[in-house]
Amino acid sequence: MDIVNEILEREQKKAEKYKSITVDKHLEVDIDVGCLLASDTNDLDSKLLEKSKDIFLQALTRDNTQLLLNKIWELPTERADEAIIVKLPEPKTVIPRAKPVPKPKPLTKWQEFAKSKGITKKKKDKLQWDEQLQKWVPLYGFKKAAAEKEKNWLIEVPQNLDPMTDMYEKKASEKSEKVAKNELQRLKNLARSKKVKIPRVGLPVTSDKANATQLETAATIAKASTASLGKFQDKLPKEKEARGKGIHELIPGKERKRKLPIPTPQQERENNLSMLDSILSKRPKIDMDKAVAKHINDEQVQRSEEKRNTKSPKAGKRKTKGGNATNFSAKKPKAGKGQRNPSKKAGSGRKRR
Amino acid sequence: MGVIQRVKKPTTRKGKKVLQSKEPKPIEGPKQCLFLQGRNPSDRTRKLLKDIYDLKKPDGAYLSRKNDFVPFEDATLIEKLCYKKEAALFGVGSHSKKRPHNVILGRTFDYGILDMIELGADNYKGMKEFHNAKVLSGLKPCLIFNGPAWDLNQDLKRLKSLFIDFFNREKVETIRLQGLEHVLSFTATESGNIYFRSYKILLKKSGQRTPRIELEEIGPSIDFKLRRTRLASDDLYKEACRVPQELRTGTKKNISRDAFGSKLGRIHMGKQDINRLQTRKMKGLRKTPEEKKQFLIKRKKEKQAAKQAQNAVAE
């Protein structure tokens, strides 16, 4: 027993040597360890605060800091590079952000289409083996232009072209057109994502001669491009309006057809199959009304034929009789040809008063 | 303004990177702070802002030139400068007879003013006047808020959030125990006084694992008085406090952990048909041709009934 007492006494002495780490509070201090934040909602001692402000504040803060650090020292520790670190929990306090929450980027038209069709991007190698040059050529960027130049030191002029055309110039213009088209599509996507209405651009400019349909379309668009949407424009004798896919949308004043949503591959397959089915299982349809009418007509024709055959010798007799209400072939009676009754007052002329 | 929203594409790779760095992110870094001088700043407000700037380093910029503007009347200058410097916090010092030693602290959201709170510095003792060793710069301080007034008064509630915003620095996953050496204490009284104190933590032996804390004042020590405020509307504040979807932690259904930390899942199964269960095959239990026929007819009838019911539903 002596040993036990001795140890207990020693412990007590040891504890007395150090100041305590426990703090008593009337209300519990609200601690957010993730933020290293402690908020003490206990009432302040106003008398002490007035009398000795700094000492009071320091003591108060010390107590609250002790409580906060007690909580932190309870957390599981780790050792990293001769330092003891603790893992802090998620902070509870919500602080306003500096910028709004990022919105997801709007998909481009192609991306939308690819998504609906399940098309995934194929990764291309940065370098490709060129058989002609016998070396690795990058897909784009540094050294691509040099390789292209080396490769195309001579370009053949095709037979259908003017022999004096500069093929290098032609190639360059084609390339710049592609770039411009891409830029236009980028802007269109931007406008679409912002829901901005963009004016119709009409026909794209082509480097080559325009063909007949393009010219026709251009003429139709130009005609409709007046303030009254081409209503008062003269027409040529045999003029036709341009038709075709996508032309209707280009003409001003025409109602835009609402586009159907892009069908999924499954839907598309079904549609195609059903169409094929309908074609293969086609049977002649009977229009009952038409058939009945035709039948009646045939009968009537037959009957009239018979009548004509039987009554042909008496045909002249009937004419003399006249006045048959159902005979539409007779001449219409004309006014003013009949006999007048002189005793009756004439109905004609102005009524005099 | 994100890169995608711009009509003009950035021409250089570096320019693109700069624009991308300015785009809103789900997890934001520490907010930058801008310290400005208003009309006729007093020596005290200059020093005070400088001290706060020292505490805020390296996430801040101190602009020492005077600016002839009144933030509460026209805050466009602040918005402009905050946009230019990519800062979300600001402090403006000014001095007038009506409002001596005036300090305005505030923050912006989406380059527009969110909160702005005016404080008068009644008493001030700078960091230099305390002749002792200071803490390292860039440390994450412990924040202590004393007094019930912080939760009772609406203005003070917002001021508390603003102070946390100012000194919280960034969110950290882990912290070194020896690195906890700075405490900022904010005490609010009912009369609208706010006592700002800064202490260094001294870790003493306590005979236990947890050390005994002693504090040493290192400055600055400021007695603020609450003046005018311009707080954000609840809608805007709520919008600013929105947590992105990817950071929101929703509870997953049917997953739990037991006391030993092993993951338990609960799955739902359809009703079992015991009659159809295949048991041991024996010659005696085999169906006779008659029974088989009966069974097939029965199943056919069932199927027909189901089909009819389905058609009825469809119509």
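Tabulated results
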quantity	calculated
Positive-end extreme of charge dipole, the stretch B:221-315 - chosen from B:Gln245, B:Gln294, B:Leu226 (charges on Cβ)	B:Gln294
Trypsin sites (Lys or Arg not before Pro) restricted to DSSP loop in the stretch B:274-305 with at most 16 other C-beta within 10 Å	B:Arg276, B:Arg280, B:Lys281, B:Lys283, B:Arg286, B:Lys287
Solvent-accessible ranking of A:Met275, B:Met116, largest area first, probe 1.4 Å	A:Met275, B:Met116
P(r) histogram, all alpha-carbon pairs of the stretch B:161-295 included - 10 Å bins from 0, percent	7, 16, 17, 18, 12, 7, 5, 7, 6, 4, 0
Residues whose placed amide H lies under 5 Å from that of A:Val137, excluding near-sequence neighbours	A:Gln128, A:Trp129, A:Asp130
Spin-label pair B:Cys241/A:Leu187, simplified geometry with 7 Å Cα→Cβ offset, distance in nm	4.5
Table column - 3J(HN,Hα) (Hz), the stretch B:180-195, Karplus curve with 6.51, -1.76, 1.60, x for Gly and Pro	7, 9, 9, 10, 10, 10, 10, 10, 10, 9, 5, 7, x, 8, 10, 9
GNM flexibility winner over chain A from A:Val137, A:Val101, A:Val301 (Cα, springs under 10 Å)	A:Val301
Efficiency of FRET between A:Ser278 and A:Lys117 - r from beta-carbon atoms, R0 25 angstrom, step 0.05	0.50
Using θ = phi - 60° and Karplus 6.51 cos²θ - 1.76 cosθ + 1.60, couplings along the stretch A:76-93 (whole Hz; Gly, Pro as x)	x, 9, 9, 10, 9, 6, 6, 10, 9, 10, 10, 8, 8, x, 5, x, 8, 6
Size descriptor, Kirkwood hydrodynamic radius, that averages inverse alpha-carbon separations across the stretch B:1-130, Å	16.0
For the stretch B:43-84, alpha-carbon Rg and Dmax in angstrom	11.6, 30
Residues B:Lys14 and B:Ile255, FRET efficiency given R0 of 51 Å [Cβ-Cβ distance, rounded to 0.05]	0.65
Over the stretch A:35-173, volume per residue of the alpha carbon convex hull, in Å³	384
Gyration tensor over alpha-carbon atoms, the stretch B:16-91, equivalent ellipsoid semi-axes in Å	25, 16, 9
Principal axis dimensions, largest first and in whole angstrom, of the stretch B:169-210 by Cα	40, 30, 14
Label point distance in nm, B:Asn275-B:Ser137, each placed 7 Å from Cα along Cα→Cβ	8.5
Debye, to nearest 20: dipole size of the stretch B:1-132, +1 on Lys, Arg Cβ, -1 on Asp, Glu Cβ	740
Rounded to 5, the percent of DSSP beta bridges in the protein assembly as shown classed as antiparallel	75
Accessible-area value, A:Asp43, 1.4 Å probe, nucleic acids and ligands omitted, Å²	130
Translational D in µm²/s for the stretch B:62-101 (Stokes-Einstein at 37 °C, 0.692 mPa s, Kirkwood Rh from C-alpha pairs)	290
Pair-distance profile P(r), taking every C-alpha pair of the stretch B:1-56, with 5 angstrom steps and integer %	4, 14, 17, 12, 9, 12, 12, 12, 7, 1
Cα pair distances in the stretch B:113-223, grouped into 5 Å bins until the bin that holds the longest one, percent each	2, 10, 18, 21, 19, 16, 9, 3, 1, 0, 0
Rg over Rh [alpha-carbon atoms, Kirkwood Rh] for chain A	1.36
Long-range HN-HN contacts of B:Leu114 with modeled amide H, under 5 Å	B:Arg107, B:Thr108, B:Phe109
Chain A - percent relative contact order, Cα under 8 Å, separation 6 or more	8
Mean residue ellipticity (222 nm) of the protein assembly as shown, computed from DSSP H runs ≥ 4 via -39,500 (n - 2.57), nearest 500	-11500 deg cm²/dmol
Of the GluC sites (Glu not before Pro) in the stretch A:209-299, those whose Cβ has at most 14 other Cβ within 10 Å and which sit in DSSP loop	A:Glu239, A:Glu255
Debye log10 I(q)/I(0) at q = 0.16, 0.19 Å⁻¹ for the stretch A:129-234, Cα point scatterers	-1.00, -1.13
Alpha-carbon gyration tensor eigenvalues x 5, square-rooted, for the protein assembly as shown, Å	86, 44, 36
Beta bridges per DSSP with both ends in the stretch B:5-118, % antiparallel, nearest 5	55
Length-normalised contact order for chain B - Cα pairs under 8 Å, 6+ apart - percent	14
Accessible area (Å², 1.4 Å probe, nearest 10) - A:Glu16	130
Segment A:Gln159-A:Gln12, length gained on full extension (0.36 nm per residue, minus Cα span)	42.0 nm
Inter-centroid distance (Cα atoms) of the stretch B:1-61 relative to the stretch A:1-78, Å	39
Amide H within-cut-off set for B:Phe145, under 5 Å, with H built and near neighbours excluded	A:Ala38, A:Ser39, A:Asp40, B:Phe186
Dimensionless Rg over Rh [chain B; C-alpha; Kirkwood]	1.31
DSSP-defined antiparallel bridges as percent of all bridges, chain B, nearest 5	75
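The values are calculated or read from the model by the stated rules, or taken from the named source; none is laboratory data. Worth saying up front: this structure is predicted, and the values here are computed from it rather than measured. Glycine gets a Cβ as well: all are built from the backbone with ideal geometry, and neighbour counts include every protein chain shown. Please note that ligands, DNA and RNA were not included when accessible areas were found on the heavy atoms of the full protein model with its side chains. Shrake-Rupley method; radii C 1.70, N 1.55, O 1.52, S 1.80 Å.
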